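Below you'll find the structure, written out as structure tokens, and then a few comments.
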Amino acid sequence: MERLVDGVAARRRRAASAREAGLRDRIARAAVELFDQLYEGAVLIDAGGQILWMNDKYRAILGLNGMDPVEGRPVEEVIPNSRLREVVACGRADLIDIFEVEGRQLVVSRIPLKDEDGRVTGAVGMILYDRVQSLKPLVDKFQGLQRDLDAARRQLADARRAKYGFSQFIGNSEAVRLLKRQARRAAERDITVLLLGETGTGKEMLAHALHAASGRQSGPMVRVNTAAIPENLLEAELFGVAPGAFTGAGAKPRDGKIRLAHRGTLFLDEIGDMPVSLQSKLLRVLQEREIEPLGSNRVIPVDVRVIAATSRDLGRMVEEGLFRADLYYRLNVLPLRLPPLRERLDDIEPLCEVLLDRLAIDQGGRPRTLTDHALLRLQAHDWPGNVRELANLLERAVLLTDDAEIDAGHIDSLMATHMPSAAGVAPVTMTASVEPGETVEPLREALAAAERDAIRRALAAAGGVKTQAAKLLGISRAQFYEKLATHGIETVTASSRP
Ligand SMILES: Nc1ncnc2c1ncn2[C@@H]1O[C@H](COP(=O)(O)OP(=O)(O)OP(=O)(O)O)[C@@H](O)[C@H]1O
């Protein structure tokens, strides 16, 4: 009797589980049909990340035709960057996510599939977008933010990308052609380059061109002007700061410029102004390719190519003990000398053309031209401030007149009134007379007085802004500071002005 009862119960259990299996099967089929109708796309993968099934709509979004077999292929091979495998691995659903497929932003859901014991057996991915209209504002907002982010990224990349290439470095003279040939060769080799030349000869421009033509062109180009940063801030600026390195250093680490130049180029402008105390740290960067942020005892490897520039005589600075000899030899692997403008007077004409074109673009209107006599005047000048000084003079000439042509008279008046070194251009006459008893100043003192006067006038014209005053004088900021110190001229800093 007992056996009979057991047999009936077992039969009932079997029948119930068969019914349940059939029910499950119907539910599964209904669910698949529902997916197919409800969603823009659906895909099913197994626990190994291989596709078991994909609906036609998903295939269409991927640009696959019905004949392309997808079943059995790894999901990432068919849907690049798919995250379904992660859902299998962690067993948690991604109920709403935004996912890019073939350039389209789609709202998707990813759900793990589990067996009776809770083991993950696969995952289903569904594209919801278009059917779920209520998500549209969210997606639009996301797309707007994504566009802003892309634009900001592009801007940052542009800012860090080199500004100039070799073709923008104007000059046909033999000296410039030779320089460009050497520089092109240097760009291909991943070695340290030292740019030597007077102020305004185009060292920074050439550094950008070297970076743009090098294998590091897609990396950052980071410039540090050693002369423009106070000595006590320079170490942090270059090497970065560890959290809490000093009072006020902040809880987060701050990357220095050397780290920011990782996989790119570090342009050390005015390297002659590098304080001796930091020179050994810089040497370590060149030798060991590593940095130690301020307040840290950790070294960080860096991959940077160094381009250094100076208008100073580094060799002499070494002799005078102002620059470390070992650093000098490390930097001087491939020196490139930029010739001053007075050694390549033939370049003045093409330079003027380009500079006048640039001015026309910046200020609007048609590009001005120079008369032959104006050009001769320019070629007779000494150009201590080189191309920067030439650019400044042309800028003032364009402001001085509305004429289409700039003539010799315009150039003469500018040189006589504004240029600190106009003596070489203005016609020299013998009309000066000396009263009996009047003393004649030694030339050195007369020149120093004239320089002092020019600096004061430039400062006044620039409203005390030193960068602007240096620009007006056609000299670098570093040189301007040196001259202020030499002449003992005290200025009111911008922050302390009322
Ligand atoms: N060969 C050139 N072709 C076109 N523009 C040039 C050339 N050389 C210099 N310039 C222009 O002259 C100005 C000064 O150049 P740059 O700043 O590169 O000189 P620099 O040698 O680095 O000067 P400094 O030593 O004072 O920093 C810039 O506006 C630059 O565009």
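Results for (1) at pLDDT 80 or above; (2) β-branched (Val, Ile, Thr); (3) more than 16 Å from the ligand (Cβ to nearest atom); (4) on the phi > 0 side of the Ramachandran plot, shown as yes or no for each residue.
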residue	(1), (2), (3), (4)
ASP402	yes, no, yes, no
VAL440	no, yes, yes, no
ALA446	no, no, yes, no
LEU459	yes, no, yes, no
**OP:** Tell me which residues, restricted to the range 380-396, are in a helix (DSSP H, G or I) and either of a type in the set (Lys, Arg) or away from the ligand (no atom under 16 Å from the Cβ) (or both).
**Re:** ALA380, ARG388, ARG396
Subject >> Near pairs, Cβ below 7 angstrom, 6+ apart or cross-chain, from the range 386-408 (among the basic types (Lys, Arg)) to any residue that is at pLDDT below 90 >> reply: ARG388/GLY474; ARG396/LEU414; ARG396/HIS418
Original post:
Among the residues of the range 333-353, how many are open to solvent by less than 80 Å² (accessible area, probe 1.4 Å) and within 13 Å of the ligand (Cβ to nearest atom)?
Top reply: 11
Original post:
Can ARG368 be described as open to solvent by 20 Å² or more (accessible area, probe 1.4 Å), at negative phi, more than 16 Å from the ligand (Cβ to nearest atom) and at pLDDT 90 or above?
Top reply: yes
**OP:** Determine whether LEU375 is surrounded by 15 or more Cβ atoms within 10 Å (Cβ to Cβ), within 16 Å of the ligand (Cβ to nearest atom) and modelled with pLDDT of 85 or more.
**Re:** no
Subject >> Per-region count, the range 169-201, residues in contact (Cβ under 8 Å) with a residue 60 or more places away in the chain, open to solvent by 20 Å² or more (accessible area, probe 1.4 Å) and within 10 Å of the ligand (Cβ to nearest atom) >> reply: 3
Subject >> Scan of the range 218-238 for residues that are more than 14 Å from PHE267 (Cβ to Cβ) and either within 13 Å of the ligand (Cβ to nearest atom) or under 18 Å from the mean Cα position of the chain (by Cα) (or both), ordered by number >> reply: SER218
**OP:** Give the residue that is farthest from TRP383 (Cα to Cα), with candidates limited to residues of the range 202-214 that are touching a strand residue (DSSP E or B) at 6+ places or on another chain (Cβ under 9 Å) and more than 9 Å from the ligand (Cβ to nearest atom).
**Re:** SER214
Original post:
So LEU394 clears everything in (1) modelled with pLDDT of 90 or more; (2) open to solvent by less than 20 Å² (accessible area, probe 1.4 Å); (3) over 35 Å from the mean Cα position of the chain (by Cα) except one condition, right? Which one?
Top reply: (3)
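The values are calculated or read from the model by the stated rules, or taken from the named source; none is laboratory data. These figures come from a predicted structure and were not determined experimentally. Every residue, glycine as well, gets a Cβ built from its backbone with ideal geometry; the counts of neighbours run over all protein chains shown. Accessible surface areas use protein heavy atoms only, side chains included; no ligands, DNA or RNA. Shrake-Rupley method; radii C 1.70, N 1.55, O 1.52, S 1.80 Å.
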